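Everything below concerns the one structure shown next.
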Amino acid sequence: MRDYAGRAVDGLNLEERLELAGKWIALELYSPSTLPLRIIAAVGDSARACIEALKAKNLDPAKFEYLPMRSPYPN
């Protein structure tokens, strides 16, 4: 799997979205003071895996939201 950290969710192409389907991503929480972009900070098989990846980067997991990536095609 490619490294998606630092990539904008909205900038992913179809192939990349298919590759991420079934994975979890961590995105910085919105706050008026930071106005974060929708940038992927971590990818994992679970929210817990994303949290561990963020901790390994010395980032505070409480400042992120964790979302499952769904297939771009409805079932």
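Results for (1) under 12 Å from the mean Cα position of the chain (by Cα); (2) modelled with pLDDT of 90 or more; (3) hydrophobic (A, V, I, L, M, F, W, C); (4) crowded, with 17+ Cβ neighbours inside 10 Å, shown as yes or no for each residue.
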{"residue": "Leu14", "(1), (2), (3), (4)": "no, yes, yes, no"}
{"residue": "Ser31", "(1), (2), (3), (4)": "no, no, no, no"}
{"residue": "Gly44", "(1), (2), (3), (4)": "yes, yes, no, yes"}
{"residue": "Arg48", "(1), (2), (3), (4)": "no, yes, no, no"}
{"residue": "Ala53", "(1), (2), (3), (4)": "yes, yes, yes, yes"}
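Given the options Ile51, Ile25, name the one that is in a helix (DSSP H, G or I) and free of Cβ contacts under 8 Å to residues at least 60 places away in the same chain.
Ile51
Would it be correct to say that Glu19 is of a type outside the set (Lys, Arg) and either surrounded by 15 or more Cβ atoms within 10 Å (Cβ to Cβ) or assigned to a strand (DSSP E or B) (or both)?
yes
Can you tell me which residue among Arg2, Arg7 is at pLDDT below 95, of a type outside the set (Asp, Glu), out of contact with any Phe, Trp or Tyr (no Cβ under 9 Å at 6 or more places or on another chain) and surrounded by 13 or more Cβ atoms within 10 Å (Cβ to Cβ)?
After ruling out the rest, the residue left standing is Arg7.
The values are calculated or read from the model by the stated rules, or taken from the named source; none is laboratory data. In this text, all values refer to a predicted model and were calculated from it rather than measured experimentally. Here Cβ is always computed from backbone atoms with ideal geometry, including for glycine, and neighbour counts include all displayed protein chains.
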